[in-house]
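The values are calculated or read from the model by the stated rules, or taken from the named source; none is laboratory data. None of the values given here were measured: they were computed from a predicted structure. Using ideal geometry, Cβ is built from the backbone for each residue, glycine included, and neighbour counts are taken over all protein chains shown. These accessible areas exclude ligands, DNA and RNA; they are computed on the full protein's heavy atoms, side chains included. Shrake-Rupley method; radii C 1.70, N 1.55, O 1.52, S 1.80 Å.
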Amino acid sequence: MFNDIGPLELVTIIALAVLVFGPDKLPKVIQDVMRTVRKIREFSESAKQDIREELGPEFKDFEFEDLNPKTFIRKQLDNDDLGLKEIRNGFDLKREMAEVTDAVHSRESDASSSSASGGRIDMTKKPEDTDKDDRPPFDADAT
């Protein structure tokens, strides 16, 4: 929650709290704040427990942290059933980018000659060979 607060910011907050509440009232204010935080946590935990009980036994391994989209996607991508780890580990981005760069610059690289397809892909533009006398097909019903 407060992971990004540095030591200078913490000292500033403490100094402001002493100035606003005074040194004699500060301990009572801290106790009140901590009591409120504890009550909120207890309420949250009881609500989570109630939801788990209402969902039933088929959702016994349900975790509320899984509702975070980042956690959900990470959990699904680490699932061994899909075989995504092998795909992710087998993909070499640097080699693929080198192959594309070499193809664009019309150079043949060692990586492209040893690829699974065995052939080189020509990505250069070539003029189309069309006869001047050939007309495109004409559909009288379309016009």
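Results, tabulated for the structure shown:
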quantity: Cα→Cβ-extended label distance, 7 Å offset, between Phe91 and Thr36, nm; calculated: 4.8
quantity: Per-pair calculated FRET efficiency, R0 = 41 Å: Lys28 and Glu54 via Cβ, rounded to 0.05; calculated: 0.55
quantity: In Å², nearest 10: area of Met97 left accessible to a 1.4 Å probe; calculated: 110
